[in-house]
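Every number in this text was worked out from the coordinates using simple rules, so none of it is lab data. None of these values were measured; they are calculated from a predicted model. Heads up, the Cβs are rebuilt from the backbone with ideal geometry, glycines too, and the neighbour counts pull from every protein chain shown.
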Amino acid sequence: MNLPLSLRRLLTIICEASLEPELVRELARLGARGYTITEARGQGAHGLRDGSWGASANIRVEVLCDELTAEAIVDTLHAGYSANYGMVMFVTDVAVLRPDKFRGAPG
Amino acid sequence: MNLPLSLRRLLTIICEASLEPELVRELARLGARGYTITEARGQGAHGLRDGSWGASANIRVEVLCDELTAEAIVDTLHAGYSANYGMVMFVTDVAVLRPDKFRGAPG
Amino acid sequence: MNLPLSLRRLLTIICEASLEPELVRELARLGARGYTITEARGQGAHGLRDGSWGASANIRVEVLCDELTAEAIVDTLHAGYSANYGMVMFVTDVAVLRPDKFRGAPG
């Protein structure tokens, strides 16, 4: 590319939609600079997750961040939520433009 | 990470929404432990795929699984559907927590 | 896999939904063979991006293409839009079936 790309982590979290307010607060607290949410539905270890039902709808949350922030989010969500909520997390490497936007914390 | 992450495959299937019931049956039969669906629309080799029309709406299906299950799904869907349906599949490596949830088959 | 998989780029663009018509024209002009759009919302450097508001809703656009096409799209969108619009782009490697469908340009 003519523009410099830098490696960052893309953390994807799929969970119950009812967790959204709490999750968004945790992401901010742990230093994520942004997130993207899409509505989803599906089936997993916790049974049928149907997007057409309020409480059991799913969300798919993407967070572009550095390694340390991804670690902090995964560890915190795993400890705090995964025992009691349907939650799947996976991490992949991506190349991004303007990596300064995706630092762990402001400044 | 403090928590152990393991490598799995993330298989993404983009196809006509009308295929969903059949696709979901195939995924279960081939050993997928779960899936996530989001509504989508788009354009591809099969022409405009408009999410606002019933029959030609698209779905984006994600399956987190092991290598052998990804192979079985890709081979089966390619053989059975891709000649007659708009369908795109791609596979990427992801790191997951609790990899036991994403084995090919129960047990 | 029994079927041959080839490496391609998956370019994901998250931007304001109002950009969609222009973006789709640019993608076609730059040689993308197809794209997939899902509705999204989120928060980023440009403030709260709420999917329930018309103008500030977000879209998540995926383009499966070769390296040169991904470069052209990233460079063009960065130059033309990223200063004035909320826009995030990231690129990852994926394995695809039927790579001829994802060449940069027809033919």
Report task. Mind checking B:74-86 for the average number of partner chain beta-carbons within 10 Å of each residue's beta-carbon? Result -> 2
Query raised in the report: Which order results if C:88, A:24 are arranged by neighbouring Cβ count within 10 Å, fewest first?
Result: A:24, C:88
Query raised in the report: For B:28-38, what's the mean count of beta carbons from other chains sitting within 10 Å of each residue's beta carbon?
Result: 5
Query - Two-site FRET efficiency, residue B:28 against residue C:83, from Cβ-Cβ distance with R₀ of 45 Å, rounded to 0.05 - result: 0.40
Report task. Taking each label point as 7 Å beyond Cα in the direction of the beta carbon, state the distances from residue B:3 to the same residue in the other copies, shortest first, in nm. Result -> 3.3, 3.3
Query raised in the report: What list do you get for A:7, C:77 if you sort them by fewest beta carbons within 10 Å?
Result: A:7, C:77
